[in-house]
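The values are calculated or read from the model by the stated rules, or taken from the named source; none is laboratory data. Owing to the predicted nature of the structure, the values given are computational and were not obtained by experimental measurement. Counting neighbours? That spans all protein chains shown, and the Cβs are built from the backbone with ideal geometry, glycine included.
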Amino acid sequence: MSSPPYKSFAIVGAAGRIGKHIFAALHEQTTTSDILVITRTSSSSADTILSSPKVKIAKVEDYKNVQVVAAILRAHHIEETALVDAAHAAGVKLFVPSEFGAPTLDAPTGLFKAKDDVASEL
């Protein structure tokens, strides 16, 4: 059996409604070697993240600063469109946007429009 293609992950929203389940699933995988949790400096969500040798937490002042987020991703080998740009600039091979659970294609306004915009950036 071949090894999984990805062993290191960066996750934004690891304490959120969907993110906490993604984080837990990644953490439970024995093949996962590193999980970088990116959170805003002003957020207290990092306090709810499971402490583990394979989990590192990086605090960011502003997700809109592409250079700062890209530097964090590079150092550890998101508005979401800024995260897409930062991930691309850092050479990230797989980016999974938070658009799952509801159709967003061609949404005219609001939250779903924003998620559709992120998908178009990919």
> Here are F9, F95, F23: which of them is hydrophobic (A, V, I, L, M, F, W, C) and touching a Leu at 6+ places or on another chain (Cβ under 6 Å)?
Replying inline: F9
> Of the residues that sit in the stretch 80-98 and are within 23 Å of A24 (Cα to Cα), surrounded by 13 or more Cβ atoms within 10 Å (Cβ to Cβ) and not aliphatic (A, V, I, L, M), which one is modelled with the highest pLDDT?
Replying inline: F95
> Filtering the stretch 58-71 down to residues that are surrounded by 15 or more Cβ atoms within 10 Å (Cβ to Cβ) and over 23 Å from D117 (Cβ atoms), which residue is modelled with the highest pLDDT?
Replying inline: A58
>> I'd like the residue in the stretch 17-57 that is under 18 Å from L83 (Cβ atoms), β-branched (V, I, T) and exposed (fewer than 15 other Cβ atoms within 10 Å of the Cβ) and, out of all such residues, is modelled with the highest pLDDT.
In response: I18
